Amino acid sequence: QKEVEQNSGPLSVPEGAIASLNCTYSDRGSQSFFWYRQYSGKSPELIMSIYSNGDKEDGRFTAQLNKASQYVSLLIRDSQPSDSATYLCAVRSGGYQKVTFGTGTKLQVIP
Amino acid sequence: DTEVTQTPKHLVMGMTNKKSLKCEQHMGHRAMYWYKQKAKKPPELMFVYSYEKLSINESVPSRFSPECPNSSLLNLHLHALQPEDSALYLCASSLRGDTGELFFGEGSRLTVL
């Protein structure tokens, strides 16, 4: 079982819709959860961090964490074509400096 | 402007060459990292330098060697690389070594012929 799993997509949504990206992780001791956005040919950019169960909102982005289900998600409201990118879920667990990335979900926002 | 600066942005080298990738962070962070990313794959951690201690991913071959001249610089020395080492090499920094909030440079795209 992979440590961090994501559906590779592509996930296609129309402009203005809500995009829902999901991630599961295997280590119950995981403590910190992150979403990174990576445009094609560019480096990852941190967009959300979440540390406790529940929702965390930042502008059009909402991260949701359910540690009992070992599930973290990212909602993007009012999706824009500029949101088209690969979204990487990352989890910190299992030690002092270990951050594991999922394989990413490619999001396509159709104008 | 990115606060994690990587040079060069592109590097082409032969298998017998010795080259270096350089990374400098201007944020006063206490930890720096090298990641390797192949196409359509997630970043894989190679090295961490945090609080003056170097941690190594044991799966990384010895033809890659990190060097940390000071807390703002983390270089990656390359020697006798193989074509399969061609990838995007990402440097990142974080405020502390115990956080997953990483700030990446623009990357160095390496091609080994």
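The values are calculated or read from the model by the stated rules, or taken from the named source; none is laboratory data. Computed from a predicted structure; not experimentally measured. Neighbour counts are summed over all protein chains in view; Cβ atoms, including those assigned to glycine, are modelled from backbone coordinates with ideal geometry. Heads up: the accessible areas ignore ligands, DNA and RNA and are worked out on the full protein's heavy atoms, side chains in. Shrake-Rupley method; radii C 1.70, N 1.55, O 1.52, S 1.80 Å.
Listed residues A:Val109, A:Val91; which is touching a residue at least 60 places away in the same chain (Cβ under 8 Å), β-branched (Val, Ile, Thr) and within 14 Å of another protein chain (Cβ to nearest Cβ)? Answer to the selection: A:Val91. Which residues, counting only those in the range A:6-36, are modelled with pLDDT of 95 or more, part of a strand (DSSP E or B) and either in contact with a Lys or Arg (Cβ under 6 Å, 6 or more places away or on another chain) or open to solvent by 30 Å² or more (accessible area, probe 1.4 Å) (or both)? Once the filter is applied, which keeps residues that are modelled with pLDDT of 95 or more, part of a strand (DSSP E or B) and either in contact with a Lys or Arg (Cβ under 6 Å, 6 or more places away or on another chain) or open to solvent by 30 Å² or more (accessible area, probe 1.4 Å) (or both), the range A:6-36 yields A:Leu11, A:Ser12, A:Pro14, A:Ser20, A:Asn22, A:Thr24.
Residues considered: B:Lys36, B:Lys53. Of these, the only one that is in contact with a Phe, Trp or Tyr (Cβ under 7 Å, 6 or more places away or on another chain) and without any contact (Cβ under 8 Å) to a residue 60 or more places away in the chain is B:Lys36.
Restricting the search to strands (runs of 3 or more DSSP E) fully inside the range B:27-105 and requiring at least 2 residues that are open to solvent by 70 Å² or more (accessible area, probe 1.4 Å) and within 12 Å of chain A (Cβ to nearest Cβ) gives B:53-56.
Selection of first residues in the range B:87-109 that are closer than 14 Å to A:Phe101 by Cβ and among the acidic types (Asp, Glu) and of second residues that are open to solvent by 10 Å² or more (accessible area, probe 1.4 Å) and part of a loop (DSSP other than H, G, I, E, B), restricted to Cβ pairs under 9 Å at least 6 apart or on distinct chains, gives the following pairs, ordered by first then second residue: B:Glu101/B:Leu95.
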